[in-house]
Amino acid sequence: MKEEKKANQSKISLIIGSHAHVPSSASEKEFEYIYETRMRPFVSNLYRYSNIHAVLHYSGVLLYWVERTHPGFFMLIEDMINRKQAEILGGGFYEPVFPLIPLHDRIGQIELMTTYLRKHYGKRPQGCWLPGMVWEQPMANALCASDMTYTFLSQEQFLQAGMKGASLYSPCITEDQGKLIVVFPTALSVEKELAEKSFSHVFNELHKKVEKEFKSSSNRYSPNEKIICVFPEKVASSPEEAPDTAWNRFFEEISLSEKLLETTLPSKIIKTVKAYGKASFPNSSAYDKDFSPRRFLIDHDEVNNLYSKMILTNVLINQLKGDKSRKQNAREELWKAQDSLLFSPGNGYLRSEFRKAAYSSLLRAEKLTREKEKPVSSFVQYDFDFDGIKEFLFQDSLINCYIQQKGGSIFELDYLPKEWNYLDCGSDSGGIRCTAFNDLMVPVDSKQPSMWTDSNNNRLCFNEQYEAIEQNKKGKLCFKLAASGDEMVFGNIEVNKCYAIKKDTISVSYTLKNTGNEPLKFLFIPEIIFSFAGIGDELVRFYSDDPSGKNIHYDRQYNNISGLKILDVKNEVQLLLSSGNTFSVFLSPSFKNELYQATKILPIFSAYIKARESWSSDFSLKFSH
């Protein structure tokens with residue numbers, strides 16, 4: 001009897017799980033791909049091995065899609081839960097990076113997921129999945145407030161918390177404001193090995209290592225179980241092997257390893273543990289040792305702009321009083337924009353279609369907050385992007401137009417009837433924030449647009465701070481950029497710039513004054529960067545707004561036009577950009593990591609200004625659908 005007990009204690013308790021998520025804005029093809037390569041092979045093969053237990057976490061977005069498209073598979077999961085073979089994890093319904101969203105949203109997203117799981121599977125989840133295992137200590141409080149008992153962090157995060165040896169194979173407890181949560185260590189290194197080597201090889205070697213750690217451990221809180229948690233995305237297979245074959249072999253090897261290990265569920269482990277070690281985890285994640293979601297915001301304009309809009313939308317929703325249903329609907333639209341793929345490493349945040357779907361959700365939420373109120377057209381000063389400088393936000397029933405003092409340029413332009421942000425493009429490949437009416441001055445003999453951002457030969461006004469000199473409640477806002485003298489290229493030019501916004505039209509007027517004693521001749525370029533659904537005539541088309549109506553193509557310069565007609569085919573919107581002066585235009589698409597981000601529209605004016613004299617021009621940008 002004692003020998004049998006000793007043999008059981010030497011076994012590894014394996015918590016094996018499956019996790020998958022697809023953003024709500026992804027294509028049907030992407031949902032089907034994840035289902036066929038990640039979900040179905042794991043679950044359908046696991047179902048054949050009733051002796052193997054597993055933890056399942058699929059985001060609410062993905063489960064909802066499966067429920068509608070593969071109802072038989074959805075019922076398969078239910079059957080495994082009912083026979084206590086599987087335990088399903090809760091989490092945020094829309095898979096957010098929890099530390100980046102307000103506490104109310106953390107609890108709300110978890111409760112939405114919990115309600116969904118309880119409705120369909122009859123049980124309230126005890127554990128919570130943290131996307132990217134992104135952790136800040138106040139998460140313990142939020143998880144407790146959501147009635148969660150446990151979660152998972154990586155062994156690397158356990159190491160960062162000062163834990164080592166046997167503690168890396170045991171759950172611990174962590175606390176915030178007196179609220180406790182159990183944390184299981186996940187072996188990411190083992191997950192990587194399983195993708196390349198057979199299960200039996202990996203776990204035979206691991207068993208030796210774990211035995212050694214426990215024999216040398218002085219951790220008085222270590223339970224008898226030696227626990228390994230893994231959520232492998234794939235298992236070792238040959239290139240031509242089907243996922244079903246690989247997973248079936250994987251589970252077969254687990255079944256044949258009963259002397260080495262036994263699979264279990266977190267809820268069973270929690271019932272057997274008499275005492276836990278205690279840890280306080282630093283801000284960390286499973287992405288990378290140095291990854292910080294807040295630094296990620298700072299480093300990527302695409303992410304910070306979306307985050308700033310998310311926080312503003314949250315403020316607007318909090319101000320909504322007396323209509324709980326409308327407020328909840330607005331919150332759920334807000335939650336759709338909090339997808340972790342937009343706020344974490346990888347190409348998710350560079351997928352224009354994901355960002356645009358997020359902005360559409362935020363704009364729908366915003367519209368819900370003012371559904372019964374007629375907006376007052378005016379500029380409001382507000383530190384939108386948390387840089388310590390207030391921006392100017394114009395909101396109306398048709399247009400949102402947000403203007404910054406840096407460059408005196410527009411950094412968000414929403415056409416509300418189509419819930420589309422035309423300035424959802426972050427920064428270009430050179431790190432310059434994408435804005436509209438981004439002013440620069442270049443020599444007349446400068447023919448290469450790629451050279452125009454060279455600060456040695458050109459004046460990049462968009463890098464300078466404009467002074468707001470006039471603002472009224474009727475949608476007028478004026479800026480001034482003072483002359484800086486001869487030490488700067490074209491430094492004797494003073495720029496006066498006024499915006500006037502009314503209904504569906506934005507008017508921009510420029511007066512450039514030569515404060516020097518010599519005449520100046522240069523090209524003045526108020527660059528506009530708009531983000532469309534992509535490139536190609538099926539998505540967007542450009543025409544000259546003159547009797548010729550000629551089609552304007554990318555990477556070519558067209559001269560002597562008075563305006564530009566843009567047909568946003570995707571949204572069925574027409575944008576008319578016209579000027580009192582004729583100009584040339586150059587169009588160029590902008591990419592990052594080979595993904596379309598935006599289209600640069602470069603109106604080019606030839607300006608000749610005598611000493612102490614001025615040159616003026618104006619623009620009108622009109623929307624219609």
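A166 versus (1) in a loop (DSSP other than H, G, I, E, B); (2) small (G, A, S); (3) open to solvent by less than 10 Å² (accessible area, probe 1.4 Å): which is the lone unmet condition?
Status for A166: all satisfied but (1).
Residues in the range 535-548: is at least one in contact (Cβ under 8 Å) with a residue 60 or more places away in the chain and over 23 Å from C401 (Cβ atoms)? Steps first, answer last, please.
So in the range 535-548, the residues in contact (Cβ under 8 Å) with a residue 60 or more places away in the chain come out as 535.
If we keep only those that are over 23 Å from C401 (Cβ atoms) as well, we get 535.
Within the range 535-548, one or more residues are in contact (Cβ under 8 Å) with a residue 60 or more places away in the chain and over 23 Å from C401 (Cβ atoms).
Please list, ordered by first then second residue, the pairs with beta carbon atoms under 8 Å, 6 or more apart or interchain, first in the range 441-463 and in contact (Cβ under 8 Å) with a residue 12 or more places away in the chain and open to solvent by less than 70 Å² (accessible area, probe 1.4 Å), second among the aromatic types (F, W, Y) and in a loop (DSSP other than H, G, I, E, B).
Correct list of pairs: M441/F490; V442/W452; S446/W452; N458/W452; N458/F490; R459/F490.
When you scan the range 289-306, do you find a residue that is within 30 Å of K367 (Cβ to Cβ) and free of Cβ contacts under 8 Å to residues at least 40 places away in the same chain, even just one?
Yes, the range 289-306 contains at least one residue that is within 30 Å of K367 (Cβ to Cβ) and free of Cβ contacts under 8 Å to residues at least 40 places away in the same chain.
A quick yes/no check of all residues on (1) modelled with pLDDT under 95; (2) open to solvent by less than 10 Å² (accessible area, probe 1.4 Å); (3) not polar (S, T, N, Q):
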residue: Q319; (1), (2), (3): yes, no, no
residue: N329; (1), (2), (3): no, no, no
residue: K336; (1), (2), (3): no, no, yes
residue: G346; (1), (2), (3): yes, no, yes
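On the given criteria, is L539 of a type in the set (A, V, I, L, M), more than 17 Å from A611 (Cβ to Cβ) and either modelled with pLDDT of 95 or more or open to solvent by less than 30 Å² (accessible area, probe 1.4 Å) (or both)?
Yes; evaluated as a whole, the condition is true for this residue.
Inside the range 504-519, can you point out the residues that are open to solvent by 50 Å² or more (accessible area, probe 1.4 Å), assigned to a loop (DSSP other than H, G, I, E, B) and touching a Phe, Trp or Tyr at 6+ places or on another chain (Cβ under 9 Å)?
P519
Which of the numbered conditions does S200 fail, given that it passes all the others? Conditions: (1) in a helix (DSSP H, G or I); (2) out of contact with any Ser or Thr (no Cβ under 7 Å at 6 or more places or on another chain); (3) open to solvent by 40 Å² or more (accessible area, probe 1.4 Å).
Checking S200 against (1) in a helix (DSSP H, G or I); (2) out of contact with any Ser or Thr (no Cβ under 7 Å at 6 or more places or on another chain); (3) open to solvent by 40 Å² or more (accessible area, probe 1.4 Å), the one that fails is (2).
Determine the pairs where a residue that is under 23 Å from K11 (Cα atoms), located within the range 166-195, has a partner that is in a helix (DSSP H, G or I) and charged (D, E, K, R) with Cβ atoms under 6 Å apart, the partner being 6 or more residues away or on another chain.
A166/E213
Of all residues in the range 250-278, which are over 24 Å from I173 (Cβ atoms) and in a helix (DSSP H, G or I)?
Hits for the range 250-278 are F250, F251, E252, E253, I254, S255.
Given E494, E470, which one is among the acidic types (D, E), out of contact with any helix residue (DSSP H, G or I) (no Cβ under 7 Å at 6 or more places or on another chain) and surrounded by fewer than 16 Cβ atoms within 10 Å (Cβ to Cβ)? So that I can check it myself, show each step before the final result.
Numbers: E494 fails: surrounded by fewer than 16 Cβ atoms within 10 Å (Cβ to Cβ).
Sole residue among the options that is among the acidic types (D, E), out of contact with any helix residue (DSSP H, G or I) (no Cβ under 7 Å at 6 or more places or on another chain) and surrounded by fewer than 16 Cβ atoms within 10 Å (Cβ to Cβ): E470.
Go through the range 430-445 residue by residue and tally those that are under 26 Å from L362 (Cα atoms) and either part of a loop (DSSP other than H, G, I, E, B) or under 19 Å from the mean Cα position of the chain (by Cα) (or both).
So the answer is 5.
Any idea which residue in the range 348-359 is most open to solvent (accessible area, probe 1.4 Å), counting only those that are under 25 Å from Y382 (Cα atoms) and more than 9 Å from the chain's Cα centre (by Cα)?
Across the range 348-359, the extreme among qualifying residues is A357.
Out of everything in the range 169-188 that is of a type in the set (A, V, I, L, M, F, W, C) and within 16 Å of A275 (Cα to Cα), what residue ends up being surrounded by the fewest Cβ atoms within 10 Å (Cβ to Cβ)?
Only one residue fits best here, namely L180.
The values are calculated or read from the model by the stated rules, or taken from the named source; none is laboratory data. For clarity, every value in this text was computed on a predicted model and none was experimentally measured. Using ideal geometry, Cβ is built from the backbone for each residue, glycine included, and neighbour counts are taken over all protein chains shown. Keep in mind that these areas ignore ligands, DNA and RNA; they rest on the heavy atoms of the full protein, side chains included. Shrake-Rupley method; radii C 1.70, N 1.55, O 1.52, S 1.80 Å.
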